[in-house]
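A.B. asks: Take a look at the following structure, please.
Every number here is computed from the coordinates shown, using simple stated rules; none is lab data. Because the structure is a prediction, the values reported are computed rather than measured. Positions of Cβ are generated from backbone atoms using ideal geometry, with glycine treated the same way; all protein chains shown enter the neighbour counts.
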Amino acid sequence: MNYAVTYGPKVLSDFHHYNQRLAVMSYAGGNNTRPLLLYGPAGTGKTAFAWMLAENLCADVSQHDILFINGSMENSIDTVREKIATFASVTKFNEKQLSIIIIDEADGFSGSAQNALKAEIDRLMAYTLFILTTNHLEKLAAPIRDRCKVTHCPWPMPDELLPLAQKILAAEGEAVSDEKLLQVLGADYAYIKGLSYRQMFQRLEDLVGLRRMRAIGSKPAEESKLS
Ligand SMILES: Nc1ncnc2c1ncn2[C@@H]1O[C@H](COP(=O)(O)OP(=O)(O)OP(=O)(O)O)[C@@H](O)[C@H]1O
Ligand SMILES: [Mg+2]
C-alpha cells in the first residue's frame, strides 16, 4: 500500500503548518490574488498544498480554471507565453471569477522565462492567482519574489509528525510506543532536524513491512534497526 496516497492530506485543514494555515486564511474567498510563492525543502507538501488550495478556491467547478506548469520540464519563454496566454484567453473562470496558474518548481524557468512570467503576472494578476513552488528561493529572480506572498514550508519536526504517524499505525493495526516511533522518525535531539512527509511515509511503510515479515517468521537483517 502507498501510505502517501492513503494517508496524505485530503482537505486543506490537513495542512497543519502555521504558514500554510495563514495562507489558507488570507486566500479564502478568492479575493486575494497576490501571487503565492511556497518554498522549502523536498517533501514538505508544497505541490500538494498548491493543488488543494487551487481546487478549494475553485469550489466544485471543473479544473479548466487551473493551469499546471512544471517549471523543471516546461521552462522556456515560449512555453510560458503560449501556455499562459492561451489559458488566459480561453479560461472560463469559476464562480469566484478567478483562474489559477500553478507553476511547480518555478526555479526551473530560464532567466528569460522568468522575465516573461513577471510580465504575465502583472498583466493577469487582477483575476488570476499564481501559485509558485520552489526548493530554491534564491534561484527565483528578485522581481518575482517581490511580487509574491513568500511562504516557507519547513520540514516538520518528529514530534509534530508523531500524532499523524500514530494514527497511520493504528489504522494499520500496529502498536508502537511513542519513544520507538520517534526513533523511527529520526528524532535525534543532539541534531534537531525535521523530516519530510515523504520520508515519514516511507519509514512507516518500512516499519510495518518489517513487522509483518517478522510475524510470518522471516527476519531480514535491517529488522533490528527498526522494530
Ligand atoms: N500536511 C501533510 N500531512 C500529510 N501528508 C502530507 C502533508 N503535506 C504533504 N504531504 C504528503 O507528502 C508528500 C510530499 O508532498 P509534496 O510532493 O507536495 O512535497 P513538495 O514539497 O512539493 O516536495 P518537492 O519539493 O520534492 O517537490 C505527498 O505524498 C503529500 O501528500
Ligand atoms: Mg513538489
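A.B. asks: Volume per residue, Å³, of the convex hull around the alpha-carbon atoms of the chain? Intermediate results must be reported in sequence, preceding the final value.
C.D. replies: Details: hull volume 32.2 nm³, N = 227.
Once divided by residue count, the hull of the chain is 142 Å³.
A.B. asks: For G186, which sequence-distant residues (separation of 5 or more, or a different chain) have an amide H within less than 5 Å of its own amide H, given hydrogens modelled in the peptide plane?
C.D. replies: none
A.B. asks: By the scheme Lys and Arg +1, Asp and Glu -1, what is the net charge of all other residues having a beta-carbon under 12 Å from that of N75?
C.D. replies: Working: positive: K83, K139; negative: E74, D78, D104, E105, D107.
Residues close to N75 contribute a combined charge of -3.
A.B. asks: Right, next: Between S177 and L22, what FRET efficiency comes out of the Förster formula 1/(1 + (r/R0)^6) with R0 = 25 Å and r the beta carbon distance, rounded to 0.05? Could the numbers behind the result be given before it?
C.D. replies: On the way: r = 34 Å, r/R0 = 1.35.
According to the calculation, E is roughly 0.15.
A.B. asks: Report, in order of residue number, the helices in the chain meeting two criteria: a C-alpha extent of 24 Å or more along the helix axis, and a mean Kyte-Doolittle hydropathy of at least -0.5; treat each whole DSSP H run as one helix.
C.D. replies: Values: long enough: 197-215 (27 Å, -0.75).
Answer set is empty.
A.B. asks: For region 120-215, what's the relative contact order in percent, using C-alpha pairs closer than 8 Å and at least 6 residues apart?
C.D. replies: Working: 47 pairs, mean separation 27.0, N = 96.
It comes to 28 percent, rounded to a whole number.
A.B. asks: In whole angstrom, note down how far apart the Cα centers of region 105-162 and region 75-92 are.
C.D. replies: 17
A.B. asks: Normalised by the empirical 2.2 N^0.38 Å for globular proteins, what value does the Cα Rg of region 17-152 take? Can you show the working numbers first?
C.D. replies: Working: Rg = 13.5 Å, N = 136, 2.2 N^0.38 = 14.2 Å.
Here the answer is 0.95, to two decimals.
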